[in-house]
Amino acid sequence: MSNHVQFPGLGLEFDINRVAFAIGDFNIYWYGLLIAAGFCLALVFAFANAKKFGIDDDKMVDVIMLTTVCAVICARAYYVIFAPFKYNSLWDTINLRDGGLAIYGGVLGAVGFGILFCKWKKVPVLPMLDLALTGFLIGQGIGRWGNFFNQEAFGTNTTLPWGMYSEGTHNYLASVQQTLAEQGITVDPSLPVHPTFLYESIWCLLGFVFLALYIPKRKFHGEMALMYAMWYGAERAVVEGLRTDSLMIGGIRVSQALAILSVVAAACVWVVLRKKYKGQPLVIPVIEKAPQKSKEKETPEKEQE
């Protein structure tokens, strides 16, 4: 499960292992650990900023936990639907330990189910989307390094100094030469490739910093969610075109097409709403705490003699 990874242009090479550690015969993979780390840091960010968005901490946790489960299911479903192969059994379909989660499926699931759970828990929807999608960039930025340990989500050949090569990239590209040729893509498995996971990680972390600094300057609720769609969509529209493992419908890269649509749609809505709310102060929702029952001390009456 180890790979010898090289960055020839930088003079770097080292061995990496998918497995972080084992508990008995059960392996714990870096991929899962990094996603968990990103999720925890996103939670820390959400707790630190919930009041700025008028969101109750307790209700927020309920929404996040429920939405996370649904987002993982949607990320898997998205991948399975558009995967270029058929699964042999139900277990293979639901087995996440062998990989196969599509970020866009997770984002769509998080937004869709997040809105429903916000309505149920009486959490303001747009402020919650602003907060959650900003934090989501942390998870994406850190989680993408799981692809590095798995040696997946890389691109076509490159002569740039940070081009990457390993047995993993070679073996994968050698096995899909016919598929890539049908898509009009020529890749030499023996040459370095674009580390597209790194591009997305850097872009997402920069986006998080930008949106976090923008919190006091936002003009309307939902603005940061729209900015997330534009920022991440712009990156994915470009980087997806470099990848060699895109989910396809015919000759169309599904995630790339979705990214372009999200950028255009979000930009149009953003321009309209910026004009609509120009000069108007942002009103933060009032956090309504559930009323607590007062406990009166009961004093027994003295018995009369």
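The values are calculated or read from the model by the stated rules, or taken from the named source; none is laboratory data. These figures come from a predicted structure and were not determined experimentally. Cβ: placed from backbone, ideal geometry, glycine included. Neighbour counts: every protein chain shown.
On the stretch given as the range 54-72, residues that are surrounded by 16 or more Cβ atoms within 10 Å (Cβ to Cβ) and either without any contact (Cβ under 8 Å) to a residue 12 or more places away in the chain or among the aliphatic types (A, V, I, L, M) (or both) total 7. Exactly one residue out of F136, F113 is surrounded by 18 or more Cβ atoms within 10 Å (Cβ to Cβ), under 14 Å from the mean Cα position of the chain (by Cα) and of a type in the set (F, W, Y), and it is F136. Would you check if there is a residue in the range 283-291 being assigned to a helix (DSSP H, G or I) and either at pLDDT 90 or above or crowded, with 20+ Cβ neighbours inside 10 Å (or both)? Checked against the condition, which is being assigned to a helix (DSSP H, G or I) and either at pLDDT 90 or above or crowded, with 20+ Cβ neighbours inside 10 Å (or both), the range 283-291 yields no hits at all.
Report whether or not V272 is more than 24 Å from W203 (Cα to Cα), at pLDDT 90 or above, among the hydrophobic types (A, V, I, L, M, F, W, C) and assigned to a loop (DSSP other than H, G, I, E, B). For V272, the condition - more than 24 Å from W203 (Cα to Cα), at pLDDT 90 or above, among the hydrophobic types (A, V, I, L, M, F, W, C) and assigned to a loop (DSSP other than H, G, I, E, B) - is not met. When the range 36-86 is limited to residues that are outside any helix (DSSP H, G or I) and closer than 19 Å to L129 by Cβ, the one that is nearest to the chain's Cα centre (by Cα) turns out to be I55. For the range 1-52, filtered to residues that are under 14 Å from G146 (Cβ atoms) and of a type in the set (G, A, S), the residue that is surrounded by the most Cβ atoms within 10 Å (Cβ to Cβ) is G38.
Only residues that are within 18 Å of L191 (Cα to Cα) and at pLDDT below 90 were counted across the range 1-27, and they come to 1.
A quick yes/no check of all residues on (1) more than 19 Å from M230 (Cα to Cα); (2) without any contact (Cβ under 8 Å) to a residue 40 or more places away in the chain; (3) charged (D, E, K, R):
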residue	(1), (2), (3)
G114	yes, no, no
W120	yes, yes, no
L126	no, no, no
L129	no, no, no
G141	no, no, no
F154	yes, no, no
Y172	yes, no, no
S175	yes, yes, no
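Selection of the range 192-234 for residues being within 30 Å of Y165 (Cα to Cα) and outside any helix (DSSP H, G or I) yields P192, V193, H194, P195. Of the helices (runs of 4 or more DSSP H) contained entirely in the range 108-191, those carrying at least 2 residues that are among the small types (G, A, S) fall at 125-143, 167-175.
A quick yes/no check of all residues on (1) closer than 22 Å to G105 by Cβ; (2) of a type outside the set (F, W, Y); (3) surrounded by fewer than 20 Cβ atoms within 10 Å (Cβ to Cβ):
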{"residue": "N147", "(1), (2), (3)": "yes, yes, no"}
{"residue": "S175", "(1), (2), (3)": "no, yes, yes"}
{"residue": "P195", "(1), (2), (3)": "no, yes, no"}
{"residue": "V209", "(1), (2), (3)": "no, yes, yes"}
{"residue": "A229", "(1), (2), (3)": "yes, yes, no"}
{"residue": "Y232", "(1), (2), (3)": "yes, no, no"}
{"residue": "L242", "(1), (2), (3)": "yes, yes, yes"}
{"residue": "M248", "(1), (2), (3)": "yes, yes, yes"}
{"residue": "G251", "(1), (2), (3)": "yes, yes, yes"}
